[in-house]
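Everything on this sheet refers to the single structure shown next.
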Amino acid sequence: MSALLRQIPANIPQDIRKIRIENSHLTELPRGSFENVSALEYLWLNFNNITVMHIKSLEYLQALKELRLQGNKLSSVPWTAFQDTPALKILDLKHNRLDVLPEHALRYLPNLTYLDLSSNQLTVISRDVFYSWPVYQRSQRVEEQGEAISNAVLALHDNPWICDCRLRGFVQFIKSVGPPIILMNSYLTCSSPKFRAGKFFHEVELNSCMKPLTSALDTNLTVPVGLNVTLTCFVQASPSPAVWWTYALKLLRAFNVSTEPISEETVRSELLIPAARPADAGNYTCTAANFLGNTSVAITLHVRTPWASTTPPGWAPIAPAETGAHVEVRIAKQTVYGITLEWFAAAAAAAEQGETWYTLLVGRYDAAQKDAIYIGPGVNTYSVTDLLPATKYEVCVAVRNQAPRKGQCVVFVTGSDVSQLEQREKLIHIVVIVCAMVLAVPAGMYACTAEARPGCLARCPGACPRRRRGGQAQAAGSKESTLDSLPAGSEDGLCRPDGGRGARRPPAREEPGKTRPPHRNSADLY
């Protein structure tokens, strides 16, 4: 009890008849877990963390009479594993996570007298599971012959049963079952659908399953521009089907669709189209499906346009707007492939923010028809993605029955794949690197490099003193720019007769009557 065991010990004595390991850390029962204890009769492994049970985990346990696996984490059991335990009488699997019981589950448990499957996740099972159970078959034969047979206790309560047509056979079995099969709790309860939740099995009557049958009161509608339109289809099916709407092969957004049951086998699905526009005209398809198949019905919508139109080109005319209703639109964020819009309903519409629908119209600026996106109440932002780069677009936001007004449309151009900002940053990086390299080289090096000839090194000692004298004379006269004086100062350190690093020689005095060499500016050096 409460040992830190992570696997079944391998050194169990061969004559052991009962093993009890509880509240430990066992996570699986591998193959041949008990191959050395063939005399085992009682195996209790309650309240561990067992999630996997190998199909040969019970091999060599021919004498096993009792197996308890309560409080583990088993979501499935290899039922054919019980072929190795023909003497098994008690099987306790309560408080696990079993959600499926296959038809052959009990076929290999011929001598079972107690089966506990309570407190699992079973929702739907077939009555054939029990009809193929040898214990039930034997009880039917004995009843006909009038012989006595030992009872078998069956526990199936506290499971989330779905009481629809799929459970019809099992419910009939529970109603008719009797000794020698005894239910530990005969008051099995429905968990769903909602109109049956909390009812006992003996209180419900379930019908046979039925493939969906879709219909509509009107399959051809004509409405004026700007009217809110609701398309309705009815579906008869059992079990309850999944219903969705499509338009031009596109799945319509869920917040425009509402589906609710109106009877046990009939549901009503409605599609809302606020402020209908000519672009909304077309075929809308209502499709329903369950495990038996699917069917659909198409509804054709026509939007009638008035003869006169005062709306801008490219937009469909819409019914007169409500006085004072206005929307202010701005771009909150823009990327290469899309934008994020924000809008605010001002004036009279502001008092109805929680009930206002919006129509978002998106398309290329020169497109004659834009895509419409319907935005429900309480939403004032929307992101448009998957746009083409370097393309001009127009986006408008209309309130309910309004046509887009001035200030409610935004024209923008998506960026290129590589933005100008990125190109500018790269150019700045290149300029900074070049400047750093230029500043790292002494200015005198540029002078010597510019004057370089095949015999530069031979003439350098004689040329440098002349430049020094010229540079000093320039400093004494009209002071030239500092850039002109930089090469002379640098050459003084580079060009020495002895090539050493001794003290700088004093400048030679200017001889009387000797002409001053002409001044050479920085352009001459380069």
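The values are calculated or read from the model by the stated rules, or taken from the named source; none is laboratory data. What you are looking at is a predicted structure, and each value in this text was computed from that prediction instead of being measured. Note that each Cβ is placed from the backbone with ideal geometry, even for glycine, and that neighbours are counted across all protein chains shown. Accessible surface is based on the protein model in full, side chains and every heavy atom, while ligands, DNA and RNA are left aside. Shrake-Rupley method; radii C 1.70, N 1.55, O 1.52, S 1.80 Å.
Just to be sure, is residue 237 free of Cβ contacts under 8 Å to residues at least 12 places away in the same chain and under 39 Å from the mean Cα position of the chain (by Cα)? Answer is no for this residue. Taking the criterion of being out of contact with any strand residue (DSSP E or B) (no Cβ under 7 Å at 6 or more places or on another chain), small (Gly, Ala, Ser) and farther than 21 Å from residue 151 by Cβ, the only residue of region 167-192 that qualifies is 169. Go through the residues of region 46-56 one by one and say whether even a single one is under 41 Å from the mean Cα position of the chain (by Cα) and of a type in the set (Ser, Thr, Tyr). Checked against the condition, which is being under 41 Å from the mean Cα position of the chain (by Cα) and of a type in the set (Ser, Thr, Tyr), region 46-56 yields at least one hit. Looking across 154, 167, 188, one residue alone is open to solvent by less than 20 Å² (accessible area, probe 1.4 Å) and touching a Phe, Trp or Tyr at 6+ places or on another chain (Cβ under 6 Å). It is 188. Taking the criterion of being of a type in the set (Val, Ile, Thr) and open to solvent by 30 Å² or more (accessible area, probe 1.4 Å), the residues of region 282-308 that qualify are 285, 295, 300, 305. Pairs needed: first member in region 392-420, on the phi > 0 side of the Ramachandran plot and assigned to a loop (DSSP other than H, G, I, E, B); second member anywhere, at pLDDT below 85 and of a type outside the set (Gly, Ala, Ser); C-beta distance under 6 Å; at least 6 residues apart or different chains. From residues that are on the phi > 0 side of the Ramachandran plot and assigned to a loop (DSSP other than H, G, I, E, B), the pairs are 400/357.
Step by step: first the residues of region 43-81, then only those that are more than 24 Å from residue 129 (Cβ to Cβ) and aromatic (Phe, Trp, Tyr), then the one that is most open to solvent (accessible area, probe 1.4 Å). Which residue is that? Taking the candidates together, the pick is 60.
For region 248-306, a residue qualifies if it is in contact with a Cys (Cβ under 7 Å, 6 or more places away or on another chain) and either in the same structural domain as residue 193 (by the TED database) or outside any strand (DSSP E or B) (or both), and exactly one does: 292.
Remark: pairs (first residue in region 20-46, under 14 Å from residue 70 (Cα atoms) and among the basic types (Lys, Arg); second residue open to solvent by 10 Å² or more (accessible area, probe 1.4 Å) and modelled with pLDDT of 90 or more; Cβ separation under 6 Å; 6+ apart in sequence or on different chains) = 20/44.
Of all residues in region 157-175, one or more are part of a loop (DSSP other than H, G, I, E, B), under 29 Å from residue 269 (Cα atoms) and among the charged types (D, E, K, R).
For residue 223, are the conditions met, namely being modelled with pLDDT of 95 or more, over 29 Å from the mean Cα position of the chain (by Cα) and on the phi < 0 side of the Ramachandran plot? No: the conditions fail for residue 223.
Quick one: in region 258-281, which of the residues that are free of Cβ contacts under 8 Å to residues at least 40 places away in the same chain and surrounded by fewer than 17 Cβ atoms within 10 Å (Cβ to Cβ) is nearest to the chain's Cα centre (by Cα)? Ranking the qualifying residues of region 258-281, first place goes to 258. The condition of being farther than 24 Å from residue 371 by Cα, modelled with pLDDT of 70 or more, over 43 Å from the mean Cα position of the chain (by Cα) and of a type outside the set (Val, Ile, Thr) holds for residue 439. Looking across region 178-200, the residues that are in a loop (DSSP other than H, G, I, E, B), farther than 28 Å from residue 265 by Cα and modelled with pLDDT under 90 come down to 178, 179, 180.
Taking the numbered list (1) without any contact (Cβ under 8 Å) to a residue 40 or more places away in the chain; (2) over 23 Å from residue 91 (Cβ atoms) in turn, residue 132 passes all entries but (2). When 217, 206, 227 are checked against the criterion of being within 30 Å of residue 187 (Cα to Cα) and either in a loop (DSSP other than H, G, I, E, B) or of a type in the set (S, T, N, Q) (or both), 206 stands alone in meeting it.
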